[in-house]
Amino acid sequence: MSQKSEKLGIMLEGGVIPVIRARSADEALKVVEAIRKGGINTIEITMTVPGAIGVMERLAKEAGDEILLGAGSVLDPETARASILAGAEFIVGPCLSPQLVRLCKRYSKIVIPRVNLARRVRA
């Protein structure tokens, strides 16, 4: 089984992926700490959190393999790459972007395009 398949299995087995939206990096870290105390270790940090990349770097450094990090509200490949380098194992975008899919494939990361309207599919 590939690492990507293994991580996808962990995501599915958990049944829930908390999406962190916070007004500050410190607030996001406190929310993640509370969620982890509750036994959930798959977490999505949205790019709307100020300093989201730094939050992911810190969580990846402190928790290592104990946490499965994702980046949410990712709009472009550059942000996806920065998120991956910070420790994100999955990327969630608000639309279907072929460029985002290609980048995630290049890094062997999970990509989850969230498309609920036809107009959100980008060519």
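The values are calculated or read from the model by the stated rules, or taken from the named source; none is laboratory data. Everything numeric in this text was worked out from a predicted model, so none of it was measured. A quick note on method: Cβ atoms are made from the backbone with ideal geometry, for glycine too, and the neighbour counts reach across all protein chains shown.
Against the definition (in contact with a helix residue (DSSP H, G or I) (Cβ under 6 Å, 6 or more places away or on another chain) and touching a residue at least 40 places away in the same chain (Cβ under 8 Å)), how does residue 68 come out, yes or no? Spelling it out, residue 68 is indeed in contact with a helix residue (DSSP H, G or I) (Cβ under 6 Å, 6 or more places away or on another chain) and touching a residue at least 40 places away in the same chain (Cβ under 8 Å).
Scanning the stretch 1-58 for residues that are in contact with a Pro (Cβ under 9 Å, 6 or more places away or on another chain) and aliphatic (A, V, I, L, M) yields 22, 25, 28, 31, 32, 35, 40, 43. Is the stretch 27-44 home to any residue that is in contact (Cβ under 8 Å) with a residue 60 or more places away in the chain and within 12 Å of the chain's Cα centre (by Cα)? Among the residues of the stretch 27-44, not one is in contact (Cβ under 8 Å) with a residue 60 or more places away in the chain and within 12 Å of the chain's Cα centre (by Cα), which makes the answer no. Taking the condition in contact with a strand residue (DSSP E or B) (Cβ under 7 Å, 6 or more places away or on another chain), surrounded by 15 or more Cβ atoms within 10 Å (Cβ to Cβ) and at pLDDT below 95, does residue 43 pass? No: the conditions fail for residue 43. Where helices (runs of 4 or more DSSP H) fall entirely within the stretch 1-100, those with at least 2 residues that are basic (Lys, Arg) are at 3-14, 25-37, 52-63. Among the residues of the stretch 8-27 satisfying the criterion of being among the aliphatic types (A, V, I, L, M) and modelled with pLDDT of 95 or more, which is farthest from residue 50 (Cα to Cα)? Checked the stretch 8-27; the qualifying residue farthest from residue 50 (Cα to Cα) is 19.
Could you please find all residues in the stretch 64-99 being among the hydrophobic types (A, V, I, L, M, F, W, C), farther than 19 Å from residue 21 by Cβ and at pLDDT 95 or above?
Initial filter on the stretch 64-99 (among the hydrophobic types (A, V, I, L, M, F, W, C)): 67-69, 71, 74-75, 80, 82, 84-86, 88, 90-92, 95-96.
This time we only want the ones that are farther than 19 Å from residue 21 by Cβ, so: 84-85, 96.
Matches in the stretch 64-99: 84, 85.
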